[in-house]
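Scroll down for the structure; my scribbles are underneath it.
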Amino acid sequence: MQNALFHWSFAIPEIWVLAMACVVLLVDVFVGERQRDVAYVLSIFTLLAAMALTWSQMGQTGFAFFGQFHLDPFTSIASFFVELLSLLVLSYSRKYLLRRSLYRGEVFVLLLFALLGALILISGANLLILYLGLELLALSQYALVAFQRGNLRATEAGLKYFILGALASALLLYGMSLLYGLTGTLDLHQIAIALVNVGSANYLLMLAVVFLVAGIAFKFGAAPFHMWLPDAYQGAPTPVTLFMSSVPKIAIFALFLRILVDGGYGSIEIWRQLFVALVVVSLVIGNVVAIAQTNLKRMLAYSTVGNMGFLALGIVAGTQNGLASAFFYAVVYAFMATAAFGLIVYLSREGFEAEEISDLRGLVRTRPWAAFLLLIIMFSLAGVPPTIGFYAKLAVFQALIEAHFIWLAVFGVLMAVVGAFYYLRVLKVALFDAPAEDLAYGADDPLAASVLTVNSLALLILGIVPGALVAFCYHALQGVL
Amino acid sequence: MWIFDWLHGLPPIWVYLLIPLAPLAGSLVAGLGGWFLRERAHWAPIAGVAFALYLAIFVLLQVLHGQTFYGNVYTWAVFGNLPVHIGFDIDSLTAVMLVVVTFVSLCVHVYTIGYMHDDPGYARFFSYIALFTFSMLMLVMANNFLQLFFGWEAVGLVSYLLIGFWFTRESANQASLKAFLVNRVGDFGFLIGIAAIYHYCGSLDYRTVFAMVPSLVGQTVTIIPGHPWSVLTWIAILLFIGAMGKSAQVPLHVWLPESMEGPTPISALIHAATMVTAGIFMVSRMSPIYEQSATALSVILIIGAITALFMGLIGLVQNDIKRIIAYSTLSQLGYMTAALGASAFSAAIFHLMTHAFFKALLFLAAGSVIHAMQNEQDIRKMGGLRAHMPITYLTFLVGGLALSGIPPFAGFFSKDLIIEAVGESSLTGATFAYVLLVLGALVTALYTFRMFFLVFHGKKRMDEHTQEHLHESPWVITAPLIALAIPSLLAGWFFIAPVGLGAFLDSSLQIRAQWNTIGEIAAHWQGTGAFLVHGLESWPFWLAILGIALAAWFYLLHDGVPAALNRLLAPFTWVLRKKYGFDAFNQLVFVQGALLLGRRFWHWGDEAIIDGGMVNGSARLVARAALSWRRLQTGYIYHYAFVMIIGLVLFMTYFMIWRG
């Protein structure tokens, strides 16, 4: 692999995003306040073109940049999804940003750089590259969270996220360096080969895996490395939360896949046990603490913790099917989270974030269509058939049972029941409580409204005909082991 | 015939599919578009059912020419090894049922236009009865037990909906619930029977199952230790329990009189002509199974005969015109069931057919009377209607004579054939059944003409206001009466040889030589005329004449006689008025018992253990945990970092100590 050709064409989507991020930055300097739409439209165009480029690469496989860059079905499919999700984020948030004078070129540029980081994470085949991608993604997100400089809560959230994120990066880096010390290489395939002779009883390997898993768990937001998550989710402007809850989940799954499966599958007996612990703690903390929340964004943050627990169930299974189901879960979760936060973005207006659960009281009377979409979203998050959320959970549990983790599956189902409670409570408030008189929703952005409709209905329609999406996601993981 | 020519060009399967789908389409149009169509809602269902009748006649002609069909149309689902097919079994039995069902249904549809015209639920009613027609057609066309069960349950559901059609009346709601619950008992047996068939045969396809029946002869199953029973007897009796529910045989008959709470057209269609005969049809269809079990046949014979006589007796003391006909329906269903028990399946189907005509006629005529009487149903408050309603009078008379078994009306042929067949039977209990059925002829004539004389003859006992408004019903009501009166008069004479004696139905039935009662009769057959003459010399005929004479004497000539008889036979009539105590028993044991049991489970099981302990207990635990864990989220960054590091240290410790 090391002497593979310099196939730079494999990285065209990444190169395109990088170039266009710079273009947007420059253009934004020259257009005035009035023509901000130019930067916005340019960013949208960048994403559409990136999707097209990624799509055109579908089916190609190979290495580029002397084995540091990996193109396979997973790369193309995951890249496609993160680009699509970024596009959704942008289309949801135009009005929101305009209203809060956040409609600035820097937001788009940061978003594009974060996307670039995610793309690099997905296609990296070398520890160093992966780390660079991770930092690019993380740094852009720190800045995005704290972007509202005048807002105390946002700056606090940004700072917390940054410090803890730095700590997590340090843990990951330490794990990487231990792995390097053990195998003498940064290349994941060389590591995989080297690990064959190491064996999973090796202390150093154990230590390396513990640090790596801790770092990955932090980025996922799996308990007990989740403490940053509720504060950051709540403090950040909702479109940023929207981004944080979707794109990085797929990117971090890619990070896990690259390091611990492509490189470290030899240590599965070690990381599997760590993930069992993460699953149990995440499912309990995420689902139970979410019940006590009154803030919708915070509740969804805990729901993320719980959902990362479900995702990790597929990782625990560790089989081809298990990993595929985990990826499927990550994709489905990303789209559900997009819809959920998108709804909050859509309903908010100047001086009103629509982020308290009580803000949704009697939504069905004032905004029946939005209430219907909320119904689909919450059912999907709770895993009620016939929504796609049901199939995501079903796939994970199926893989888990095939791998003989019966008790963990039973535990997961029980926790899904607990989880259903707080999703349904939102619906109870929205559908059965009397509407508050003083509530006036924004809900006047036709673009966000149509995107939200498509996004939410997709959760339902894909639940009725899940075949294509399932096949697509499972195809991504074909031959990964 | 030329009007069917174009159908020859169609693939047969399309024709078969269209038969149930046409009424279904009509039902959907009326049901979904009812808010818009309002008083025009009848067009789609009537068109659908009329088209189904047209196709049914075509199919009957095809079957007469030997073109039958057996096969699956498509596979709906596969569960493990059990494929669920939608398929059709088109043979002579099905063809006869198709024509009877669609013909009576069409008459009732037309009649409904007049009967229900100012009811606010007009469209809903049409939607239901068309849906019923669809379900019934699916039932009779099925080629597998699951589809049969689908139709079976669907007709039950529509029956429930229609009995409770006037849902603001409490009595209607109770009646619909009663019908549903009693049928549930029967359906439970039916379902277990189907499950047993699947267990032993591994298939639910009719032909596959019937082919395996011979191999099951002699197989036994032990349910009570020490008493092995034949598997086939079990299956036959379980299936028959389903038939007892649907066809209202003692002791599962209690729902049928109550079902008269529904509008009269459905009493005619569902609770007289078609749905209640589903059990008769089913047993005939399963003749290969029943013929292998003498025990099951005896049970059927005796239950049928008991129902035939004793339900008829209750009819003598009823005063509600619809209830009298309802008890008469029970009694006639008893005759059909007894015929099944005597292996005279063709006679049962023959009686089913003639009964469908004359009983629908009686119900619709009664409806016409009720309509004219401004919803008065008590025959003691009627009288002398003959002059005001000539068409209703004449058609009712035709129906009454047919029901009483007076030649040459249709009921004479079919009932006499059944009594003859039971007389030929050599099963245990056949003599007993024969005596009951012969006596039944007297009772039938007596209650029929009691009702007839009280309604149409004698003094007018209604109030002034009603009397002024007496008039014959509009043509949409009288036309179906005439349409039904014709077969009530003629169907017996023309169809006894092909249908009653089984020449046409033989291919659908399977009868063992040792109790081939119909075969015996057919062997000595000297023509329909001879049968008629022979009938004039037999007991049932003279008993029927006696019944009519008694009714005339009691209710036309000597008004005082019934009252005197009532006093004389007080204990006897008391038992009849109490309907042998079935209702009281059910009320006391099942209703009160279930309520008591339910309350216990509710308080102790549900409230205390499940709700109190498990549900609320765990919910409280979760809520407490949520609140306390929430406090861990302090907001201080060093707490967060601390938790992370602790987690990391725990991970490492785990590996160092437990794995090291």
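B:Val476 sits with roughly 20 Å² accessible to a 1.4 Å probe, with DNA, RNA and ligands left out of the calculation. Other protein chain C-beta atoms within 10 Å of residue C-beta, averaged over B:4-10: 0. In this entry, segment A:207-255 is assigned a mean projected area of 3.4 nm², taken as a quarter of its C-alpha convex hull surface. Relative protection proxy for B:157-164, B:407-414, B:386-393, A:160-167, from highest mean packing down: B:407-414, B:157-164, A:160-167, B:386-393 (other beta-carbon atoms within 10 angstrom).
Note on A:227-235: average number of Cβ atoms from other chains within 10 Å of each residue's Cβ is 3. Taking segment A:255-298 on its own, what percent of its Cα-Cα pair distances exceed 17 Å? Pairs farther apart than 17 Å: 51 percent.
In this view, the solvent-accessible surface of A:Met51, computed with a 1.4 Å probe and all protein chains in place, comes to about 30 Å².
Which whole number gives the average, over all residues in A:204-213, of C-beta atoms from other chains lying within 10 Å of the residue C-beta?
For this peptide, the per-residue mean of nearby foreign Cβ atoms is 3.
Gap in Å between the Cα centre of segment B:282-302 and the Cα centre of segment B:104-144? First find each Cα centre; the distance between them is then 31 Å. Here chain A is scanned for GluC sites (Glu not before Pro) in DSSP loops (not H, G, I, E, B) that have at most 13 other Cβ atoms within 10 Å, and the longest stretch holding none of them is A:34-349.
A cut-off under 12 angstrom between Cβ atoms defines the neighbours of B:Leu191, and their net charge, with Lys, Arg +1 and Asp, Glu -1, is -1.
The alpha carbon convex hull volume per residue for the protein assembly as shown rounds to 232 Å³. Segment B:433-463 and segment B:317-380 have Cα centres separated by 12 Å. Compared with the dominant principal axis of the Cα atoms in chain B, helix B:430-456 is inclined by about 80°. Over all pairs of different C-alpha atoms, segment A:2-476 has a mean inverse distance whose reciprocal, the Kirkwood radius, equals 22.3 Å.
Computed with a 1.4 Å probe on the full set of protein chains, the accessible area for B:Lys579 sits at about 40 Å².
Remark: spin-label model distance A:Asn197-A:Thr155 equals 5.6 nm, labels positioned 7 Å along the Cα→Cβ axis. Under a 5 Å amide H cut-off, with hydrogens placed 1.01 Å from N, B:Val84 pairs with B:Trp76, B:Ala77, B:Val78, B:Phe79 among residues at least 5 apart or on other chains. Rounded to the nearest 10 degrees, the inclination of helix B:617-630 to the longest alpha-carbon principal axis of chain B is 30 degrees. Comparing B:Ile391, B:Trp602, A:Gln398 along the charge dipole axis of the protein assembly as shown, the residue lying farthest to the positive side is B:Trp602, per the Cβ-charge model. Assuming charge only on the beta carbon of Lys and Arg (+1) and of Asp and Glu (-1), the dipole of chain A about its Cα centre is about 500 debye to the nearest 20. Summary value for segment A:2-476: 14 percent relative contact order, contacts being C-alpha pairs under 8 angstrom separated by 6+ residues. If you take the square roots of the eigenvalues of the alpha-carbon gyration tensor of segment B:93-145 and sort them as a ≥ b ≥ c, do you get rounded (a/c under 1.5), prolate (a/b over b/c) or oblate? It is oblate, given that a/c is not under 1.5 and a/b is not larger than b/c.
Restriction of the trypsin sites (Lys or Arg not before Pro) in segment B:582-636 to DSSP coil positions whose beta-carbon has at most 14 other beta-carbons within 10 angstrom yields B:Arg631. Here the label points at A:Glu402 and B:Leu588, each 7 Å from Cα along the C-beta direction, are separated by 6.2 nm in the simple model. When a 1.4 Å probe is rolled over the protein heavy atoms, the share of accessible surface on segment A:319-365 that falls to carbon and sulfur comes to 48 percent. Legend: P(r) of chain B from all alpha carbon pair distances, 10 Å bins from 0, whole percents, reading 3, 15, 24, 24, 15, 7, 4, 3, 2, 2, 0, 0. What separates the Cα centres of segment A:7-42 and segment A:372-447 is a distance of 37 Å. Ligands, DNA and RNA left out, the 1.4 Å accessible surface of chain B is 68% carbon and sulfur atoms. Using the 1.4 Å probe convention, the accessible area of segment A:2-476 works out to 33 Å² per residue with neighbouring protein chains retained. Note on segment A:2-476: lysine pairs with Cα distance below 22 Å, sequence gap of 8 or more or different chains, count 10.
For chain B, the longest principal axis of the alpha carbon atoms and the long axis of helix B:43-64 meet at an angle near 70°.
Between B:Thr466 and B:His8, what's the calculated FRET efficiency when r is the beta-carbon distance and R0 is 56 Å? Round to 0.05.
With R0 = 56 Å, the Cβ-Cβ based efficiency is 0.55.
Principal semi-axes of the equivalent ellipsoid, √(5λ) from the alpha carbon gyration tensor of segment B:554-645, are 76, 13, 7 Å from largest down.
As a test of the definition: with a 1.4 Å probe, what buried accessible area, both sides summed, do you compute for B against A, in Å² to the nearest 100?
Interface between B and A: roughly 2800 Å².
For B:Lys578, the aspartates and glutamates whose Cα falls under 16 Å of its own Cα, not counting residues fewer than eight places away in the same chain, are B:Glu258, B:Asp320. Applying the Karplus relation 6.51 cos²θ - 1.76 cosθ + 1.60 with θ = phi - 60° to segment B:234-246 yields 3J(HN,Hα) values of 4, 4, 4, 6, 4, 5, 5, 4, x, 5, 4, x, 6 Hz, where x marks Gly and Pro. As a calculated quantity, the FRET efficiency between A:Leu48 and A:Ala458 at R0 = 30 Å, using C-beta atoms, amounts to about 0.95. Couplings 3J(HN,Hα) for segment B:18-29, derived from phi with the Karplus relation 6.51 cos²θ - 1.76 cosθ + 1.60 (θ = phi - 60°), are 5, 4, x, 6, 5, x, 4, 4, x, 4, 5, 4 Hz, where x marks Gly and Pro.
In straight-distance terms, cross-link reach from B:Lys579 covers every one of the lysines whose alpha-carbon lies under 20 Å from its own, apart from those fewer than eight places away in the same chain; here that gives B:Lys178, B:Lys246, B:Lys322.
The values are calculated or read from the model by the stated rules, or taken from the named source; none is laboratory data. Predicted, not measured: the structure shown is a model, and the values here were computed from it. Counting neighbours? That spans all protein chains shown, and the Cβs are built from the backbone with ideal geometry, glycine included. With ligands, DNA and RNA removed, areas are computed over all heavy atoms of the protein, side chains included. Shrake-Rupley method; radii C 1.70, N 1.55, O 1.52, S 1.80 Å.
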